[in-house]
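S.K.: If you scroll down you'll find the structure; I have some questions about it.
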Amino acid sequence: MSVLKMKRINIYALKKHRKRILELLQRKGIVQVEDLTLDDSVFQKEETTQKQMLFQKNSGIAENAYNILNKYIPDKKSPFAMFSGRSPITVESYYMFTEDANEIMRVAYDIIGFDKEISDSKAEIIKLKSQIETLIPWETLDLPMNFSGTNTTTAFIGTLPQLITYEEIVSQIVEKGNSVTDVNIEIISADENQTCLFLLCKKEKSVEISGILRSLGFSKPTVTPSEPPAECIKKFKKQINNALKNIEATSCSIVSYVGVRNALKFICDYYIMRSEKYAVIEQLAHTKRTFVLTGYIPEKCVEDIEKLLTSKYDAAVEIEEPSPNEDTPVLLKNNPFAEPVESVLETYSLPGKKEIDPTSVMAIFYYVFFGMMFSDAGYGIIMAVGCGLLLHKFKNMELGLRKSVKMFMFCGVSTTFWGLMFGSFFGDAVAVVGKTFFNADISLPPLWFNPVEGSNSMTLLMVCFLFGLIHLFTGLGMKAYTCIKNKAYIDILYDVFSWMLLVGGGVMALLSMDMMESMTGFVLPSVFMTVGGVCAAIGAVIILLFQGRGSKPIKRLLKGAYGLYGVTGYLSDILSYSRLLALGLATGVIAQVFNQIASMFGGGFGVILFIIIFIIGHSLNIGINALGAYVHTNRLQFVEFFGKFYEGGGKKFSPFKINTKYYKIKEDIFNG
């Protein structure tokens, strides 16, 4: 377990080499660039916000074009594509692509333009269809919809909001003292919702007729073309056919660009890289012909990068030891067994300035506790083999995902181990299958004991408490190690040894009481009561007198008494490890229940239902209890274990690197 030592790096170089140097640092991903402000009129800062926005816009355009292309020609991906990682390209290919950046952007604009043209055509088709739908009731009218009459007549073309007959309209007109000969009425079409009407009257009667029609709810149509409706409908249908042909032709134009799909992905990444590079440029100090860069670099990488920069770009590289007051970034380096659990630690917090990296110790307990809570050999084999196959097949998997998959592979191995210890293989599947289909009493005997039988659950509970004590005392041991590292030797006695005496002595005394025999199956000799009581008393006195050290006597005792109250926290911490038993039993019992349900249909054709229920039931059990084991394992680390020695607060090492979506440049990229 280790936190890599950091060095401060200062790079001085000519401005003409700035582009290549920054691209080199970005590909290597080993330098965290810090903002540099010098109190010197010679050095200036460079504003790059506008360029960053331009590059981000270009990246968005390329991404949009790529998505449009996928809409017309889907990019076929495997269900396991998420494990494939970004495609690697060489530095030579990278620079070859950059030479065609402008041409690829022109293609991106073309694709977006074509897609807009198709969208406009589709919108026009919807509009034309709506107009046709409006004109269909008027299709038999042989006059333009905007016809208003002649020199001596007035025409009314519109709808009444209900079904009304010719006779009803005439009667309304006659009731007002008009003659039937004063008007010419024609019902164009009618249904239960409306009546389409054409009415022609003498001009001197137009005002009166208009009033009568308004009283009937008359309204003019929304579409009033200057041509007869039948001709308009024919023209609109022709326009729709033309729009459809245009959509087809434009779609073919988009499809013709399928060969630039990869180039569009590259350009999307390329402009993101440029945007990030120009964000770094803002952090540099510049003169007319030179620039200065400062930041942090892992000590192990100093020699290689210094050699590269001085030999290729004639840059001056200065390596310094960070000052004691500097908040240097944190980068972890662990062995392959512990490395997968680094992501779990990062979700809590990275080690602070004077703390140690607990990953290696935490990894052991993490795998053991996860296995105890999941504790089924069948589930463990599925998890371990599945994750192992993913790691073997997808060599290019992203580092973060690879760590997670590897962590669950080790958790699967632990789960298999504890499943065999407790005799659980898909619950009691071996016994159920043997009894149901072969009428044979066969089973998978546990290598240790079956926690579901008899009083074994109480035995397992005691084992869980034992693991809890070991876990908590290991946390105190980590605190002692931290004190030694920081040369705070007296704190080991006051803050570590005192609690070990108090808690350890209390547990020793408790186990020597007769009432514990029914739970533990054993009782320690009475001498342990005396020894445990003395140890606990000594620990309590140390805590009472020295927990508040540094304060005045009265306040010191009060702080000591409050600190002594923390023993209740240890009690709740120990009890918290009962979740190892609870989740382990839940996994096994639920598995057995699904087995019993599946076996209810007996042999013969029941085997089909058995297989279906078995697969569905155990899949649900794996999903639910694997999630539970993950959550509660994290909880035991974050609350019980870290609560004894770990505060965190470290700032993660964030190097200037390639943060792309589709490609990564194939070079010796440092990954910690």
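Quick grid of which residues meet (1) farther than 30 Å from residue 248 by Cβ; (2) at pLDDT 95 or above; (3) of a type in the set (D, E, K, R):
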| residue | (1), (2), (3) |
| --- | --- |
| 113 | no, yes, no |
| 120 | no, yes, yes |
| 125 | no, yes, no |
| 133 | no, no, yes |
| 137 | yes, no, no |
| 146 | yes, no, no |
| 150 | yes, no, no |
| 159 | yes, no, no |
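S.K.: Condition test on residue 197, is it in contact (Cβ under 8 Å) with a residue 24 or more places away in the chain and outside any helix (DSSP H, G or I)? Before you say what the answer is, go through the steps one by one.
M.R.: Working: in contact (Cβ under 8 Å) with a residue 24 or more places away in the chain: yes; outside any helix (DSSP H, G or I): yes.
When the stated conditions are applied, residue 197 passes them.
S.K.: Of the residues that make up the range 158-165, is at least one among the small types (Gly, Ala, Ser), under 30 Å from residue 240 (Cα atoms) and either touching a strand residue (DSSP E or B) at 6+ places or on another chain (Cβ under 8 Å) or surrounded by 14 or more Cβ atoms within 10 Å (Cβ to Cβ) (or both)?
M.R.: Taking the range 158-165 first, the residues among the small types (Gly, Ala, Ser) are 158.
This time we only want the ones that are under 30 Å from residue 240 (Cα atoms), so: 158.
From what's left, either touching a strand residue (DSSP E or B) at 6+ places or on another chain (Cβ under 8 Å) or surrounded by 14 or more Cβ atoms within 10 Å (Cβ to Cβ) (or both): 158.
Yes - at least one qualifying residue is present in the range 158-165.
S.K.: Filter the range 67-94 for residues that are in a loop (DSSP other than H, G, I, E, B) and of a type outside the set (Ser, Thr, Tyr) and give the result.
M.R.: Restricting attention to the range 67-94, the residues satisfying the condition of being in a loop (DSSP other than H, G, I, E, B) are 73-80, 84-86, 90.
Passing the criteria: 73, 74, 75, 76, 77, 79, 80, 85, 86.
S.K.: Testing residue 312 on (1) surrounded by fewer than 14 Cβ atoms within 10 Å (Cβ to Cβ); (2) outside any helix (DSSP H, G or I); (3) of a type in the set (D, E, K, R), one condition comes back false. Which one is that?
M.R.: Every condition holds for residue 312 apart from (2).
S.K.: To continue, here is another question. Can you work out which of the residues in the range 385-414 that are within 19 Å of the chain's Cα centre (by Cα) and basic (Lys, Arg) is farthest from residue 661 (Cα to Cα)?
M.R.: By that ranking, first place goes to 406.
S.K.: Now for a separate question. Just for the range 36-54: of the residues that are touching a helix residue (DSSP H, G or I) at 6+ places or on another chain (Cβ under 9 Å) and either at pLDDT below 90 or not in a helix (DSSP H, G or I) (or both), which one is nearest to residue 268 (Cα to Cα)? Walk me through it before giving the result.
M.R.: Within the range 36-54, the first condition is being touching a helix residue (DSSP H, G or I) at 6+ places or on another chain (Cβ under 9 Å), and the residues that meet it are 46, 48-49, 51-54.
Then keep just the ones that are either at pLDDT below 90 or not in a helix (DSSP H, G or I) (or both); that gives 46, 48.
Numbers: 46: 25, 48: 19 Å.
Applying the filter and picking the extreme gives 48.
S.K.: Oh, and also: Tell me which residues, restricted to the range 243-259, are free of Cβ contacts under 8 Å to residues at least 40 places away in the same chain and within 15 Å of residue 111 (Cβ to Cβ). It would help to see each step written out before you state the result.
M.R.: Pass one, the range 243-259, residues free of Cβ contacts under 8 Å to residues at least 40 places away in the same chain: 245, 248-249, 252, 256, 259.
Across the range 243-259, the qualifying residues are 249, 252, 256, 259.
S.K.: Looking only at the range 403-415, decide whether some residue is of a type outside the set (D, E, K, R), touching a strand residue (DSSP E or B) at 6+ places or on another chain (Cβ under 7 Å) and touching a residue at least 24 places away in the same chain (Cβ under 8 Å).
M.R.: Residues of the range 403-415 of a type outside the set (D, E, K, R): 404-405, 407-415.
Still in the running and touching a strand residue (DSSP E or B) at 6+ places or on another chain (Cβ under 7 Å): none.
Taking every residue of the range 403-415 in turn, none turns out to be of a type outside the set (D, E, K, R), touching a strand residue (DSSP E or B) at 6+ places or on another chain (Cβ under 7 Å) and touching a residue at least 24 places away in the same chain (Cβ under 8 Å).
S.K.: Sticking with this one: It is to be established whether one or more residues within the range 573-584 are touching a residue at least 12 places away in the same chain (Cβ under 8 Å), closer than 30 Å to residue 481 by Cβ and of a type in the set (Phe, Trp, Tyr).
M.R.: Yes, some residue in the range 573-584 is touching a residue at least 12 places away in the same chain (Cβ under 8 Å), closer than 30 Å to residue 481 by Cβ and of a type in the set (Phe, Trp, Tyr).
S.K.: Looking for whichever is crowded, with 23+ Cβ neighbours inside 10 Å, not in a strand (DSSP E or B) and not aliphatic (A, V, I, L, M) here; the options are 370, 337, 365. Which one fits?
M.R.: Working: 337 fails: crowded, with 23+ Cβ neighbours inside 10 Å; 365 fails: crowded, with 23+ Cβ neighbours inside 10 Å.
None of the others qualify; the one that does is 370.
S.K.: What are the residues in the range 130-176 that are touching a helix residue (DSSP H, G or I) at 6+ places or on another chain (Cβ under 7 Å) and either free of Cβ contacts under 8 Å to residues at least 12 places away in the same chain or of a type in the set (D, E, K, R) (or both), if any?
M.R.: If the condition is that a residue be touching a helix residue (DSSP H, G or I) at 6+ places or on another chain (Cβ under 7 Å) and either free of Cβ contacts under 8 Å to residues at least 12 places away in the same chain or of a type in the set (D, E, K, R) (or both), then 139, 174, 176 are the ones that fit.
S.K.: Related question: Check residue 498 against each of (1) of a type in the set (S, T, N, Q); (2) over 47 Å from the mean Cα position of the chain (by Cα); (3) crowded, with 16+ Cβ neighbours inside 10 Å and name the one condition it does not meet.
M.R.: (2)
S.K.: On to the next question. When only residues in the range 117-139 that are exposed (fewer than 14 other Cβ atoms within 10 Å of the Cβ) and hydroxyl-bearing (Ser, Thr, Tyr) count, which is farthest from the chain's Cα centre (by Cα)?
M.R.: Per the stated criteria, the residue is 130.
S.K.: Taking the condition surrounded by fewer than 18 Cβ atoms within 10 Å (Cβ to Cβ) and at negative phi, does residue 75 pass? Give the steps one after another, and end with the answer.
M.R.: Numbers: surrounded by fewer than 18 Cβ atoms within 10 Å (Cβ to Cβ): yes; at negative phi: yes.
So residue 75 fits the description; yes.
S.K.: For residue 543, only one of the following conditions fails: (1) assigned by TED's automatic domain parsing to the domain that holds residue 378; (2) touching a Ser or Thr at 6+ places or on another chain (Cβ under 6 Å). What is its number?
M.R.: The failed condition is (1).
S.K.: Of all residues being among the aromatic types (Phe, Trp, Tyr) and in a helix (DSSP H, G or I) in the range 589-643, which is nearest to the chain's Cα centre (by Cα)? Just the residue, please. Walk me through it before giving the result.
M.R.: The initial filter retains those residues of the range 589-643 that are among the aromatic types (Phe, Trp, Tyr), namely 594, 601, 605, 610, 614, 630, 638, 641-642.
With in a helix (DSSP H, G or I) added as a condition, the list becomes 594, 610, 614, 630, 638, 641-642.
Working: 594: 32, 610: 36, 614: 31, 630: 17, 638: 21, 641: 27, 642: 26 Å.
Among residues in the range 589-643 that are among the aromatic types (Phe, Trp, Tyr) and in a helix (DSSP H, G or I), the one nearest to the chain's Cα centre (by Cα) is 630.
S.K.: Yes or no: residue 97 farther than 30 Å from residue 389 by Cβ, assigned to a helix (DSSP H, G or I), in contact with a Lys or Arg (Cβ under 8 Å, 6 or more places away or on another chain) and aromatic (Phe, Trp, Tyr)? Lay out the reasoning, then the answer.
M.R.: On the way: farther than 30 Å from residue 389 by Cβ: yes; assigned to a helix (DSSP H, G or I): yes; in contact with a Lys or Arg (Cβ under 8 Å, 6 or more places away or on another chain): no; aromatic (Phe, Trp, Tyr): yes.
Answer is no for this residue.
S.K.: Another question about this same structure. Pick from the range 560-579 the residues that are over 12 Å from residue 506 (Cβ atoms) and of a type in the set (Phe, Trp, Tyr): which of them is surrounded by the most Cβ atoms within 10 Å (Cβ to Cβ)?
M.R.: Once the filter is applied, the top-ranked residue is 577.
S.K.: Please specify each residue of the range 342-355 satisfying the condition of being buried (at least 20 other Cβ atoms within 10 Å of the Cβ) and within 27 Å of residue 7 (Cβ to Cβ). Outline the logic, then answer.
M.R.: Kept after step one, since they are buried (at least 20 other Cβ atoms within 10 Å of the Cβ), are these residues of the range 342-355: 342, 344-345, 350-351, 355.
The answer is 342, 345, 350, 351, 355.
S.K.: All but one of (1) assigned to a loop (DSSP other than H, G, I, E, B); (2) at pLDDT below 95 hold for residue 664; state the number of the condition that does not hold.
M.R.: Exception for residue 664: condition (1).
The values are calculated or read from the model by the stated rules, or taken from the named source; none is laboratory data. Computed from a prediction, not measured in an experiment: that's the story for all the values here. Glycine also receives a Cβ, built like all others from the backbone with ideal geometry; neighbour counts cover every protein chain displayed.
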